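> Questions regarding the structure given below will be posed in turn.
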Amino acid sequence: MSTKPAMVSVRNLTRRFDVSKPWLNRVVERLPKSILTAVSDVSFDIPAKETYALVGESGSGKSTIGKMMVGLLTPTDGSVTIGGVDLSRETSAKAMDAARERIQMVFQDPYASLNPRWRVRNIITEPVAARGGDTTGLAERLLEQVGLSAEDADKYPHEFSGGQRQRLCIARALSSNPRFIVCDEPTSALDVSVQAQVLNLMSDLKTDLGLTFLFISHDLTVVRHMADRIGVLYLGRLVEEAAPDALFTTPRHPYTKMLLEAAPKLDGFGRETEPPTGEIPDPINPPKGCAYHPRCPLAQDRCRSERPVLRSVGESRSACHFAEKLVAD
């Protein structure tokens with residue numbers, strides 16, 4: 001973990017979902033409850049004015065963590081502390097309200113996250129208006145800050161392109177003057193050229209406004225240039241954490257190495273690349289020991305019986321019994 005003071009602290013975060021059939025069906029069919037563990041025992045820190053990225057395949061628990069960190073989901077176990085306030089245990093309504101005011105989220109789909117019946121002005125100012133704040137000129141100022149025109153405030157969402165809609169979402173997130181923003185794959189639905197524009201905008205806003213980001217993505221190329229530290233998730237668990245340079249040059253977990261080898265490369269045309277093998281196991285019935293062992297080329301008997309602990313290995317943290325061997329190879 002970072003040695004800098006943490007603005008955001010996640011400890012042993014766990015979320016389980018009951019996906020059982022209705023009670024009567026289970027009684028008739030004599031079935032036990034089915035519990036899906038989406039996130040299991042995840043811990044990390046985010047210092048102020050830095051970006052922490054979470055990467056992993058679909059279904060690894062990235063979005064679930066993001067939703068718990070903004071209060072859209074309640075953790076089954078563990079805690080999320082932002083600015084000294086534990087969101088799941090704080091008893092003071094005033095402290096909780098002040099903490100939530102400083103947290104915002106930018107969602108993945110800019111087409112689904114804007115109310116089509118509202119004008120842009122109302123969409124952007126809603127977080128402030130809901131608390132009785134002054135919204136005079138706010139929408140126009142924020143529109144210009146994210147690279148749009150103040151005249152766009154009277155338009156509707158359908159009058160904008162995908163990239164422009166995502167800028168509207170960013171403007172709305174900025175309206176309450178947040179200090180921490182969760183970005184849940186904010187560029188995955190956009191064209192590559194538009195992605196670059198939105199990412200550059202977010203980098204500029206981070207520098208200009210001193211924002212702290214949790215950036216969720218499956219695109220390693222994006223997070224390498226956006227993040228100060230990267231966490232790799234597999235089946236709801238953090239299997240590696242490192243700074244971008246360390247992660248890309250000396251991965252300390254076989255899963256991270258597989259993700260890097262599978263990522264597109266500019267000089268990779270015509271080269272033979274071994275495709276990733278296997279699929280993510282069923283999270284309702286995960287493998288014993290290390291969850292990655294059915295797909296891992298280094299797997300041994302120890303991996304099948306003993307779950308590795310996330311531990312410091314050089315400049316990284318790795319949950320692999322053979323992290324040192326991986327580097328040596």
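The values are calculated or read from the model by the stated rules, or taken from the named source; none is laboratory data. Keep in mind that what you see is a predicted model, and the values were worked out from it rather than measured. FYI the Cβ positions are ideal-geometry reconstructions off the backbone, even for glycines, and counts take in every protein chain you see.
> When both residues are 6+ apart or on different chains and their Cβ atoms are under 7 Å apart, which pairs have a first residue that lies in region 89-105 and is more than 19 Å from Met68 (Cβ to Cβ) and assigned to a loop (DSSP other than H, G, I, E, B), and a second that is among the acidic types (Asp, Glu) and at pLDDT 85 or above?
Close Cβ pairs (under 7 Å, with a partner that is among the acidic types (Asp, Glu) and at pLDDT 85 or above) do not exist here.
> State the number of residues belonging to region 117-134 that are within 26 Å of the chain's Cα centre (by Cα) and not charged (D, E, K, R). First the steps, then the outcome.
Quick first cut of region 117-134, residues within 26 Å of the chain's Cα centre (by Cα) only: 123-128.
This time we only want the ones that are not charged (D, E, K, R), so: 123-125, 127-128.
So the count comes out to 5.
> Can you pull out the residues in region 46-67 that are within 17 Å of Gly236 (Cβ to Cβ) and more than 11 Å from the chain's Cα centre (by Cα)?
Glu57, Ser58, Gly59
> Kindly establish whether Thr51 is under 16 Å from Pro283 (Cβ atoms) and either among the β-branched types (Val, Ile, Thr) or surrounded by fewer than 15 Cβ atoms within 10 Å (Cβ to Cβ) (or both).
Against the criterion (under 16 Å from Pro283 (Cβ atoms) and either among the β-branched types (Val, Ile, Thr) or surrounded by fewer than 15 Cβ atoms within 10 Å (Cβ to Cβ) (or both)), Thr51 does not qualify.
> List every residue pair whose Cβ atoms sit under 7 Å apart, with the two residues 6 or more apart in sequence or on different chains, where the first one lies in region 238-260 and is under 25 Å from Thr37 (Cα atoms) and the second, anywhere, is polar (S, T, N, Q) and assigned to a helix (DSSP H, G or I).
Glu240/Thr256
> Please go through region 84-110 and give me each residue that is exposed (fewer than 14 other Cβ atoms within 10 Å of the Cβ) and over 17 Å from Ala6 (Cα atoms), ordered by number.
Restricting attention to region 84-110, the residues satisfying the condition of being exposed (fewer than 14 other Cβ atoms within 10 Å of the Cβ) are 84, 89, 91-94, 97-98.
Once the filter is applied, which keeps residues that are exposed (fewer than 14 other Cβ atoms within 10 Å of the Cβ) and over 17 Å from Ala6 (Cα atoms), region 84-110 yields Arg89, Thr91, Ser92, Ala93, Lys94, Asp97, Ala98.
> Sticking with this one: What are the residues in region 1-44 that are in contact (Cβ under 8 Å) with a residue 12 or more places away in the chain, exposed (fewer than 15 other Cβ atoms within 10 Å of the Cβ) and among the basic types (Lys, Arg), if any?
Passing the criteria: Lys4, Lys21, Lys33.
> Got a sec? Which of Ala99, Ala53, Ala38 is within 23 Å of Ser316 (Cβ to Cβ), out of contact with any Cys (no Cβ under 6 Å at 6 or more places or on another chain) and among the aliphatic types (A, V, I, L, M)? Talk me through it step by step, then tell me what you get.
Working: Ala99 fails: within 23 Å of Ser316 (Cβ to Cβ); Ala38 fails: within 23 Å of Ser316 (Cβ to Cβ).
Unique residue meeting the criteria: Ala53.
> If you scan region 1-47, which residues turn out to be assigned to a strand (DSSP E or B), over 25 Å from Ala242 (Cβ atoms) and among the charged types (D, E, K, R)?
Residues satisfying the conditions are Arg16, Asp18.
> If I ask for residues that are surrounded by fewer than 13 Cβ atoms within 10 Å (Cβ to Cβ) and either outside any loop (DSSP other than H, G, I, E, B) or at pLDDT 95 or above (or both), which ones from region 292-305 would you list?
Asp301, Ser305, listed by residue number.
> Let me ask you something else. So in region 68-83, with the set limited to residues that are among the β-branched types (Val, Ile, Thr) and either more than 13 Å from Ala38 (Cβ to Cβ) or within 14 Å of the chain's Cα centre (by Cα) (or both), which one is surrounded by the most Cβ atoms within 10 Å (Cβ to Cβ)?
Step one: list which residues in region 68-83 are among the β-branched types (Val, Ile, Thr), which gives 70, 74, 76, 80-82.
Add one more test, that the residue is either more than 13 Å from Ala38 (Cβ to Cβ) or within 14 Å of the chain's Cα centre (by Cα) (or both), and what stays is 70, 80-82.
Numbers: Val70: 19, Val80: 21, Thr81: 19, Ile82: 23.
Once the filter is applied, the top-ranked residue is Ile82.
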